[in-house]
Amino acid sequence: MTDRIRLGDFDLNWATAELRGQGRRSVLPELSLSVLRVLVDHAPDLVSAERLARDAWGQRVVSEDTLAQRIKLLRQAFGESAQDARVILTVRGKGYRLGVPVAQGGGLRLPGRPFLIGGAALALGLAGFGAVAFFRAPPPESARLSEQTPAEADLLLMRARSQMALHRPQETLRAVALLREARAAAPDRADIATALSVALSTEVTKFSNDPDLVTEAETLARWATEQDPANSGAWSALGYALDGQGRVSEALAAYQQAYLLNPDDVYAMSSAAYLLGVRGRLYDALALDMRALQAGGGPIYTELQIAAALNLLGERALSDLWLERALRLNPDHPVILRGAVELDLSRGEDARAADRLAAFPADDMTPDLITQTGWIALRRGDVAGARASFEASGAGWERAILAAADAGAAGPPDYGRPGDTWPAGRVRAAEMAAAAGDAASAFSRLNEAVDLGWRDWDALEHSPVLPVLHADPRWRALGARIEREIAAQRALVDADAELRALLDSVAQ
């Protein structure tokens, strides 16, 4: 059973949710992919709104507006609208159906013949659990680990990978549970250990903040590299685990080893590009991100990373175009939203950031997004509201900053784990010191952050905690230092005509 199908002029990879065709590339959001699954499963027959609600949403009823909006987003991915629909057809008052033939593994699907197994469920080995399991938390791990055999490990691994491809909180948790089962069934398989390492790192860096999980992820990845030192995927997983601990230089080296072993590993390239940006090497970051896009697309965060780097270089108009592209490709993804809000807040566009968060479904809010609502409240002078958001999200640094302001004294400059060289940690420590009235410590931490690669002067200027430092001559000196670093990176980008043309191409 292949994980690729053809829908008219478009190719869809179920595992990665990537849709290509007619010069377009999209990564379908979770719900769009779920709706398309149901339509494909029943093609060429009509699918009622009730059936879509049950099989795609896991609910008895979904409002007409919600369904219409999802169909609209899905059509946009195919480059069509309701007026010129060719792929997703509306049967007025009855539902929707596919208007193009479906091909799998090179052969057209026969009309009326089941394409997938089990009604609306995806075929085993493609991209899901089935309509019911897809929207339900997995059974308790203890009840299942002993039930698996090595022969079933491949099935569990395929299911987990398809869940990971959706880049969503609940699906990531499901992937972790499935991979724990697979590892119990086949404890000496490096591919399963690698996949579990990646899933654990994703859970920590994207959706939660459990340090024990990222330690486990590192242990698994190191074991996999020892089994096969030429395994590029294991090196990439190790980079991810080290990245999650703030060990930037070690993580960067592991990612680079991954794509040296496998020049087609666009995920390792894009991850390395992100860390190059963290280190302030914006030119190298942009060059590597564009290389990843040219090599095969890169992960869903690549366009966002390019937008962030361009913003630091002062190219806001071009940054906005790349950000719009990231949002268009992933309109309801929490990590993409987090990046967009970070850009808004860096620029002091608090109202825009608040509007983005208010429009996002409350049930899909991640701890990071809730923390961002707290920062917006703090910037508006609503300390109580900020405190409530930080408590709700479990944001340790932010609560420490408020505690320092309350006590008039900062705690120790805790940078997290040993070896943590993440520059943002120094900025948070500086904010804690500033909130406690310790300007000397604040400037010391800020200069450490710049040493480690911090280049976002606008974010410092718009911090709600740092205005107490603005009148100090050291503040202007800090800004001048960051501007010199940015100017050097800007000159490198401008001198590279090929890179400049690639970056500008998004505006054409």
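Where a number appears in this text, it was derived from the coordinates with a stated rule and is not lab data. These figures come from a predicted structure and were not determined experimentally. No Cβ is skipped: glycine too gets one built from the backbone with ideal geometry, and neighbour counts run over all protein chains shown.
A few remarks follow.
- Whole-Hz couplings from phi, Karplus 6.51/-1.76/1.60, listed for segment 254-262; x for Gly and Pro: 5, 4, 5, 4, 5, 7, 6, 6, 9
- Only Cα pairs under 8 Å and 6+ residues apart enter the sum, and on that basis the relative contact order of segment 153-263 stands at 20 percent.
- Estimated distance in nm for a label pair at residue 388 and residue 208, the labels positioned 7 Å out from Cα along Cα-to-Cβ: 2.6
- Overall shape of segment 218-300 was characterised from the C-alpha gyration tensor. The equivalent ellipsoid obtained from it has semi-axes of 20, 15, 9 Å, in decreasing order.
- Cut-off of 10 Å, at most 12 other beta carbons, DSSP loop: longest stretch of the chain lacking such trypsin sites (Lys or Arg not before Pro): 95-508
- Using the Stokes-Einstein relation with a Kirkwood hydrodynamic radius computed over Cα pairs, the translational diffusion coefficient of the chain at 25 °C and a viscosity of 0.890 mPa s comes to 101 µm²/s.
- Length released on extending from residue 468 to residue 81, taking residue separation times 0.36 nm less the Cα-Cα span: 134.1 nm
- Under the Karplus curve 6.51 cos²θ - 1.76 cosθ + 1.60, θ = phi - 60°, whole-Hz ³J(HN,Hα) for segment 239-252, x wherever Gly or Pro sits: x, 5, 5, 5, 4, x, 9, x, 8, 5, 5, 5, 5, 4
- Percent RCO, i.e. relative contact order, over the chain, from Cα pairs under 8 Å lying at least 6 residues apart: 9
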